[in-house]
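Undergrad: Could you have a look at this structure, given as structure tokens, before my questions?
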Amino acid sequence: MSKKKIVVLTGAGVSAESGIKTFRDHGGLWDQYDPYDVASIDGWYRDRKLVLDFYNVRRKQLQEVQPNAAHLAIAGLEQDYDVAVITQNVDNLHERAGSTRVLHLHGEMTKVRPENSFNDQDGFSEKEVFDIGYGEIHLGDKAPNGSQLRPHIVFFGEAVPSIGKAIDLVMEANIILIVGTSLNVYPAAGLYRYAGAGVPIYIIDPQDVPVSDSRVHHIKEVATKGMETFMNILKNK
Ligand code: APR
């Protein structure tokens, strides 16, 4: 019999216990930086160096942190379920924890691409995206096509090329698990609504969640503890 399909939609909260700051919690990244300066396409054209430095610092930090028990538990689901992780996070902790199917809606911090590499569909050509690991890119670092290298991140004001694929995954899911997102940023925040009628939606978040949907079960705990609770729910299903 084929395995049940679980879609796991994650946000910054799943990486909080690894020591990576979230965005909108008290003391979060958006308390320190204006997102429109460091994470928007207008900000990029206004001050490329500020944006490059912002991601250089975060990329370097990524090298010093580890996946936490929540990432590992999500990866462990693959033993008994057909799992697709759809993450808003640009870190690589799901992959380092062992998840084998990870869709990065907002890009990946370890990857870069030329600022001018357009194709009609995505706004950039996948062929020109490459991995720099935890390295840095600076003003004047050019891609083979001669244009400035930029982070392979979906900036505010840019399209989310993989949203169609994400919606298809959610529509096929038998179970939806949402971990550590304030559900503030669309289109990611609206993804769960595409789940089929009667499909259970579990949300792990220590704070209240802005969702009133009869399919939702809120596990009001941090990600590592909440994943233990979720695994017990699955065992008793
Ligand atoms: N475990 C689980 N959830 C947690 C934890 C934790 N230890 N700590 C915080 N959270 C929850 C918060 O309660 C909040 O609901 O994680 C969520 C973090 O929300 P945001 O900081 O808004 O992060 P996220 O939802 O991922 O932001 C979405 O916004 O700025 C853009 O592109 C950026 O991908 C990001 C998007």
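Undergrad: For the stretch 168-184, give me each residue that is in contact (Cβ under 8 Å) with a residue 40 or more places away in the chain and under 18 Å from Ser2 (Cα atoms).
TA: Leu169, Val170, Glu172, Ala173, Asn174, Ile175, Ile176
Undergrad: Only residues that are under 19 Å from Glu158 (Cα atoms) and in contact with a helix residue (DSSP H, G or I) (Cβ under 9 Å, 6 or more places away or on another chain): list them for the stretch 113-137, please.
TA: Within the stretch 113-137, Arg113, Pro114, Glu115, Ser117, Asn119 meet the criteria.
Undergrad: Against the condition surrounded by fewer than 22 Cβ atoms within 10 Å (Cβ to Cβ), small (Gly, Ala, Ser) and not in a helix (DSSP H, G or I), how does Ser2 come out, does it pass? Explain how you work it out, then say what you get.
TA: Details: surrounded by fewer than 22 Cβ atoms within 10 Å (Cβ to Cβ): yes; small (Gly, Ala, Ser): yes; not in a helix (DSSP H, G or I): yes.
The answer is yes for Ser2.
Undergrad: Among the residues of the stretch 208-236, write down those that are in contact with a Lys or Arg (Cβ under 9 Å, 6 or more places away or on another chain) and over 25 Å from Ala97 (Cα atoms). Quick ask: steps written out before the conclusion?
TA: Let us first name the residues in the stretch 208-236 that are in contact with a Lys or Arg (Cβ under 9 Å, 6 or more places away or on another chain), namely 208-209, 213, 219, 226.
The answer is Asp208, Val209, Asp213.
Undergrad: Determine which member of the set Thr87, Thr100 is within 30 Å of Asn174 (Cβ to Cβ) and buried (at least 22 other Cβ atoms within 10 Å of the Cβ).
TA: Thr87
Undergrad: I've got another one for you. Among the numbered criteria (1) in the same structural domain as Phe54 (by TED's automatic domain parsing); (2) under 25 Å from Arg193 (Cβ atoms); (3) away from the ligand (no atom under 11 Å from the Cβ), which single criterion is violated by Asp25?
TA: Asp25 satisfies every listed condition except (3).
Undergrad: Same structure, new question: Give the residue that is surrounded by the most Cβ atoms within 10 Å (Cβ to Cβ), with candidates limited to residues of the stretch 150-167 that are under 12 Å from Ile86 (Cα atoms) and in contact (Cβ under 8 Å) with a residue 60 or more places away in the chain.
TA: Ranking the candidates gives Ala166 first.
Undergrad: Of all residues in the stretch 27-53 being aromatic (Phe, Trp, Tyr) and surrounded by fewer than 19 Cβ atoms within 10 Å (Cβ to Cβ), which is nearest to Ala12 (Cα to Cα)? So that I can check it myself, show each step before the final result.
TA: Applying the first criterion (aromatic (Phe, Trp, Tyr)) to the stretch 27-53 yields 30, 33, 36, 44-45.
Next cut, surrounded by fewer than 19 Cβ atoms within 10 Å (Cβ to Cβ) only: 30, 33, 36, 45.
Numbers: Trp30: 12, Tyr33: 16, Tyr36: 18, Tyr45: 26 Å.
Of everything passing the filter in the stretch 27-53, Trp30 is nearest to Ala12 (Cα to Cα).
Undergrad: Moving on to the next point. Among the residues of the stretch 85-118, what is the count of those that are at pLDDT below 95 and out of contact with any Lys or Arg (no Cβ under 9 Å at 6 or more places or on another chain)?
TA: Residues meeting the conditions: 2.
Undergrad: Take the conditions surrounded by 15 or more Cβ atoms within 10 Å (Cβ to Cβ), touching a residue at least 24 places away in the same chain (Cβ under 8 Å), more than 14 Å from the ligand (Cβ to nearest atom) and aliphatic (A, V, I, L, M) and apply them to Ala195. Does it pass? Don't jump to the end; show me each part of the working.
TA: Details: surrounded by 15 or more Cβ atoms within 10 Å (Cβ to Cβ): yes; touching a residue at least 24 places away in the same chain (Cβ under 8 Å): yes; more than 14 Å from the ligand (Cβ to nearest atom): yes; aliphatic (A, V, I, L, M): yes.
The answer is yes for Ala195.
Undergrad: Of the residues that make up the stretch 87-101, is at least one within 18 Å of Arg58 (Cβ to Cβ) and among the small types (Gly, Ala, Ser)?
TA: Initial filter on the stretch 87-101 (within 18 Å of Arg58 (Cβ to Cβ)): 87-96.
With among the small types (Gly, Ala, Ser) added as a condition, the list becomes none.
Among the residues of the stretch 87-101, not one is within 18 Å of Arg58 (Cβ to Cβ) and among the small types (Gly, Ala, Ser), which makes the answer no.
Undergrad: I would also like to ask the following. Please go through the stretch 171-183 and pick out each residue that is over 19 Å from Val14 (Cα atoms) and surrounded by fewer than 24 Cβ atoms within 10 Å (Cβ to Cβ).
TA: Met171, Glu172, Asn174, listed by residue number.
Undergrad: Out of (1) part of a loop (DSSP other than H, G, I, E, B); (2) not assigned by TED's automatic domain parsing to the domain that holds Thr229, what's the single condition that is false for Asp91?
TA: Every listed condition holds for Asp91 apart from (2).
Undergrad: Against the conditions (1) in contact with a Pro (Cβ under 9 Å, 6 or more places away or on another chain); (2) farther than 27 Å from Asn232 by Cβ; (3) of a type outside the set (Phe, Trp, Tyr), where does His106 fall short? Just the number, please.
TA: (1)
Undergrad: Additional query: For Ala84, state whether it is over 14 Å from the mean Cα position of the chain (by Cα) and more than 20 Å from Val38 (Cα to Cα).
TA: Values: over 14 Å from the mean Cα position of the chain (by Cα): no; more than 20 Å from Val38 (Cα to Cα): yes.
It is false that Ala84 is over 14 Å from the mean Cα position of the chain (by Cα) and more than 20 Å from Val38 (Cα to Cα).
Undergrad: When you go through Ser15, Ser2, Ser40 one by one, which is the residue that is away from the ligand (no atom under 14 Å from the Cβ) and of a type in the set (Gly, Ala, Ser)? Reasoning before the result, please.
TA: On the way: Ser15 fails: away from the ligand (no atom under 14 Å from the Cβ); Ser40 fails: away from the ligand (no atom under 14 Å from the Cβ).
Of the residues listed, the single one that is away from the ligand (no atom under 14 Å from the Cβ) and of a type in the set (Gly, Ala, Ser) is Ser2.
The values are calculated or read from the model by the stated rules, or taken from the named source; none is laboratory data. None of these values were measured; they are calculated from a predicted model. Note that we place each Cβ from the backbone using ideal geometry, even for glycine, and neighbour counts take in every protein chain shown.
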